[in-house]
Amino acid sequence: MKKVDFDNLILFENEDYLVINKPPYLSSLDDRHEAQNILDLAKAHTPDAQLCHRLDKETSGCLVIAKNPAAYRHLAMQFESRKVNKVYHAVVEGIKEFSDELVDRNLLANNKGIAKVSKDGKPAQTVFTTLKTYYAHTLVECKPITGRLHQIRVHLAYLKSPICGDTLYGGNPLYLSSIKRRFNLKKETEELPIMQRVSLHAYSIGFKGLDDKEIFVNAPYPKDFKVLVNQLEKTS
């Protein structure tokens, strides 16, 4: 992965917090297989930087970074009391009409980092609302109330609406040939999925700053997610 310009990722900054639009494929924390990660980039910008939460490596979007210990504690308390408003967008398989659909199913993660619905797991709740339906797919707004590992992905799979490209939880890669009529692939060419990752983006986040004023930030779709939604728009 080419060197990331951290300043270009910043969506919001004040004396206490940074909110960035995390690119896909960039780890939040140290990754033995990668030369760079968000935490190191943030520390180069602000030496006392701490990540207030994490996004999966493949997931893009809003990520909050505290610039000092007081700011970190302030937001950690809001996460603990479930007062942080997080909204994700996901493209899922099938035509789904969700309207504030609450999934309240405990999740249990194994030592390989794979989660499943289990009564022995930790409480997990997510609310889903349909934003737009297409020919055979749906753009869904996901509001996690808790913050368990792979929560949105597993809860959508539980609703029989796996996220496109999420092969770990039953989703299939989405190819242009499957949605575009008269699609011709050049001979001797292997078709690649429109999006080569899980179709999930952390769209917005809202929380209170140290002065108790509301901070609300939206993250524009990255290029691959935008291309996917545009293709679905054209073929719906």
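Here is how the number arises for the chain: DSSP H runs of 4 or more residues each give -39500 (n - 2.57), the sum is divided by the residue count, and the result at 222 nm is -5500 deg cm²/dmol. Cα extents for region 1-40 along the principal axes, largest to smallest and rounded to whole angstrom: 32, 16, 13. Full extension of the segment from residue 15 to residue 177, taken as 0.36 nm per residue of separation minus the current Cα-Cα distance, would add 53.5 nm. Assuming charge only on the beta carbon of Lys and Arg (+1) and of Asp and Glu (-1), the dipole of the chain about its Cα centre is about 700 debye to the nearest 20. Summing +1 for each Lys or Arg and -1 for each Asp or Glu among the other residues whose beta-carbon sits under 12 angstrom from that of residue 78 gives +2. Once you keep just the Cα pairs under 8 angstrom separated by 6 or more residues, what percentage relative contact order results for the chain? Contact order relative to length: 19 percent.
Shape analysis of region 1-108 based on the Cα gyration tensor places the equivalent ellipsoid semi-axes at 27, 19, 13 Å, largest first.
Projecting the Cα atoms of 53, 77, 90 onto the dipole axis of region 31-98, where Lys and Arg carry +1 and Asp and Glu carry -1 at the beta carbon, places 77 farthest toward the positive end. Estimate the FRET efficiency between residue 73 and residue 218 by the formula 1/(1 + (r/R0)^6), using the beta-carbon distance for r and 22 Å for R0, to the nearest 0.05. For R0 = 22 Å, the calculated efficiency reads 0.30.
For region 94-236, the share of accessible area belonging to carbon and sulfur comes to 49 percent (1.4 Å probe, ligands and nucleic acids excluded). Could you work out the local net charge near residue 117, counting Lys and Arg as +1, Asp and Glu as -1, over the other residues with Cβ closer than 12 Å to its Cβ? Net charge in that neighbourhood comes out at +4.
With a threshold of 30 Å on the Cα-Cα distance, the over-threshold entries among 86/186; 3/86; 116/234; 2/143; 22/132 are 86/186; 116/234; 2/143.
Computed with a 1.4 Å probe over protein heavy atoms only, the accessible surface of the chain comes to 55 Å² per residue.
The values are calculated or read from the model by the stated rules, or taken from the named source; none is laboratory data. Computed from a predicted structure; not experimentally measured. Heads up, the Cβs are rebuilt from the backbone with ideal geometry, glycines too, and the neighbour counts pull from every protein chain shown. Accessible surface areas use protein heavy atoms only, side chains included; no ligands, DNA or RNA. Shrake-Rupley method; radii C 1.70, N 1.55, O 1.52, S 1.80 Å.
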